[in-house]
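Some notes on the structure that comes next.
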């Protein structure tokens, strides 16, 4: 049986046309179309909202579906289906992969999707569940991306088949491209941008709004470097600065590792943070391969103790006889515990792929945000003007409602009634139709009062919107205020520590680091860091300080050396300088934003505080210590090198150290200040040095119920001041107004040791104690609890005068370092 042809025969009038096309031309044209599609429709983000088309379509469609943060979860398969069917002409796998990444807190610095179910793990060691099992809804932050999209703030374009409209870009209430970063490979180009801290990026954007001509160094005081979702430590800031300047640069990310006693006989390396996009399984596999190949020695076992309660915890046990620091250095070199990140800031600007620096990225975003707010204001003003037009027409009708009703009743139909009302009251057609559509129950006296109130409110809102649209300064002020509100609501502390380095690799092994001079610093907000050299910070630096303005203690040291940390319980803990982060040069002196918390280096007991830092130089005059119960002690500088913890004073029960300072010459004056406003000053030579275990001697005579709140040492030849704050013993918080006083130090005479001193502050009505006091060299600097600088009062020459009210709460004061 013959096989029947399935081809449809051509019609009788069919004329065959064959076009000869050069294969080179065809390939070039087709490849250009493909490249254009990949670059503009798939791989590169828009610099305005920081989203690729697939991410933008997911957020827009979820917003259209009403999947708000306060609503319930829906299946991810439903979202993927809606996006694929209406907006995204590609497969469901690519859409779901994009949605999953937007829900991963270890991929996004500010996740945009609130996921319910298995959305994968760090490094993709555990892949996400299928879309039919997982659920999602919009995260709180993503609602800011689509906020006011229904107010004609952005342009729309047809979807792939013209049946739907989709936004060209989202309004984006925060700089998403910098905050969450992105990566993508197009044709002939690629992009790779790291995430940043929301608060820092918005601070830089607001600074650029106020100062459009700001240079890169100024912006980097707000954005010192990337802030990765997985934390870690960035080593080498030169590559980051290159990227911020040119759009391209490279930096290294190191895991956060601590040396701990993991068993009774073994030490181990405990990894709590890994480089960005690196999972524990990848690290474990690489370590086992290296150990098996005998390329890595000293490792006994590797355990992954990660759980939801404690987060990442990878324990690497070290064999006895091996230096943990040396093993760690090998791990950095041979495993993914240290990875390079190449920044390539390529994004679409007006449809053209460009490589952008930090300032250009912020400028593109701010221009977009100005345009969004301007269009939103125009939309709202138009809407209110239209409403005002209707309200004014209804008020005109209410003035003579009887005549309105008479004209309507006499009319044969609605059209005649409309004409009669227009002729009689001079109304527009829109106003007349609104009157005819208004039910009689809305024409009461009470409703008239409501309409008049609404008219006044609409006029006020229209005036406000007009003021914004007519003034560029008001527009900038509004955008800056909205950004500040976003930072306040969604801002989080920095997770990634920034470490400066030279061209050579930074190493944690002391013998491989040059023993260069440095200074170790302790800030008022509990951060430790070291400088690049031994020079002290100048009082005024090129960079203006915004946080951590007061440096409580600064001691000279060397990179391979150690310093001591004196605590309130009388312990002296040895602190290895090489472990402390180096301050980035871009931070500017003396900003300690690149420092790390005390808890990363010292284990303090509950209620124990770090009082000061000291050198372990046994040739110095030693420490001077003052306690709450009035005990004073000069410690003989005897610090055995084989002990990491020493006792520097034997405290009585209930007593604690309130001040400690390392004497430089031994000729200083020791100063006690008590909470009943007594100040005692005497020469340090009146206190004989004692051994570390001694309990000290009487330092100041205390009245009944009084206690010491400040102990310092002052060079009598220096220009020094005394600062005091008076308050009420019933309410020791900032809710009650406090008075402060600044007095020259030379107004207070020397007295003998163990005497009562002289009065240093006269209490006003409602005040009965000093809540804060300090004596030291000028210039004195003050700060609040979060490190924000606070102003000090003018100097009052009266020794026992009363204070002046403080404009901002002060919690700490210190002198120059």
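A few comments on the model shown:
- Cα gyration tensor shape for the range 315-360, rounded if a/c is under 1.5, else prolate or oblate: prolate
- When you restrict to C-alpha pairs under 8 Å that are six or more residues apart and normalise by the size of the chain, the relative contact order lands at 9 percent.
- Rounded if a/c under 1.5, otherwise prolate or oblate - the range 662-817, Cα gyration tensor axes: prolate
- Sorting 767, 33, 151, 309 by the number of Cβ atoms found within 10 Å of their own Cβ, with the fewest placed first, yields 309, 33, 151, 767.
- The label point for residue 300 and the one for residue 755, both projected 7 Å from the Cα toward the Cβ, are 6.3 nm apart.
- Spread of Cα-to-Cα distances over 10 Å intervals beginning at zero, given as percent, for the range 752-809: 16, 47, 31, 6
- Between 0 and 90 degrees, the angle of helix 445-470 with respect to the longest Cα principal axis of the chain falls at about 70 degrees.
- Value of Rg to Rh for the range 119-246 (Rh from inverse mean 1/r over Cα pairs, i.e. Kirkwood): 1.02
- Using the Cβ-Cβ distance between residue 370 and residue 291 with R0 set to 60 Å, the FRET efficiency works out to roughly 0.55.
- Sorted fewest first by neighbouring Cβ atoms within 10 angstrom, 612, 760 come out as 612, 760.
- Averaging Cα coordinates gives a centre for the range 414-465 and one for the range 256-305; these two points are 76 Å apart.
- The chain - mean residue ellipticity at 222 nm from DSSP helices (-39,500 (n - 2.57) per run, n ≥ 4, rounded to 500): -9000 deg cm²/dmol
- Spatial separation of Cα centroids for the range 759-805 and the range 660-729, in angstrom: 17 Å
- log10 of Debye I(q)/I(0), alpha-carbon scatterers only, for the range 661-727 at 0.11 Å⁻¹: -0.30
- A straight line joining the Cα centroids of the range 132-185 and the range 40-114 runs 8 Å.
- The simple Förster model, with R0 at 35 Å and r as the Cβ-Cβ distance, assigns residue 664 and residue 245 a FRET efficiency of 0.25.
- Förster-model FRET efficiency, 60 Å R0, residue 693 and residue 41, C-beta, rounded to 0.05: 0.20
- DSSP beta bridges fully contained in the chain are about 95 percent antiparallel.
- Averaging 1/r over every pair of different alpha carbons in the range 258-326 and inverting the result gives a Kirkwood radius of 12.6 Å.
- Maximal additional length on extending the residue 130-residue 764 stretch stands at 221.2 nm, based on 0.36 nm per residue less the C-alpha distance.
- Across all C-alpha atoms in the chain, the radius of gyration and Dmax reach 35.1, 128 Å.
- Estimated at 0.36 nm per residue, the fully extended path between residue 653 and residue 449 surpasses their Cα-Cα distance by 66.1 nm.
- Alpha-carbon gyration tensor eigenvalues x 5, square-rooted, for the range 358-505, Å: 55, 15, 12
- Using 0.36 nm per residue and subtracting the Cα-Cα separation, the extra length available between residue 728 and residue 387 on full extension is 117.2 nm.
- Rounded to 10°, Cα long-axis angle of helix 76-86 versus longest principal axis of the chain: 40 degrees
- Helix 358-399 axis, angle to the chain major axis (alpha carbon atoms, nearest 10°): 60 degrees
- 13 Å cut-off, amide nitrogen to a point 7 angstrom out along residue 440 Cα→Cβ, residues in the range 379-403: 402
- Normalised convex hull volume, the range 641-685, alpha-carbon set, Å³ per residue: 125 Å³
- Packing-based ranking, highest mean first, of 673-684, 368-379, 152-163, 468-479 given that Cβ atoms within 10 Å are counted: 673-684, 368-379, 468-479, 152-163
- For the range 51-171, the Kirkwood hydrodynamic radius comes to 14.5 Å, computed from all pairs of different C-alpha atoms.
Here, each number is a calculation from the coordinates, and none is a lab measurement. Fair warning: this is a prediction, and the values are worked out from it, not measured in the lab. A quick note on method: Cβ atoms are made from the backbone with ideal geometry, for glycine too, and the neighbour counts reach across all protein chains shown.
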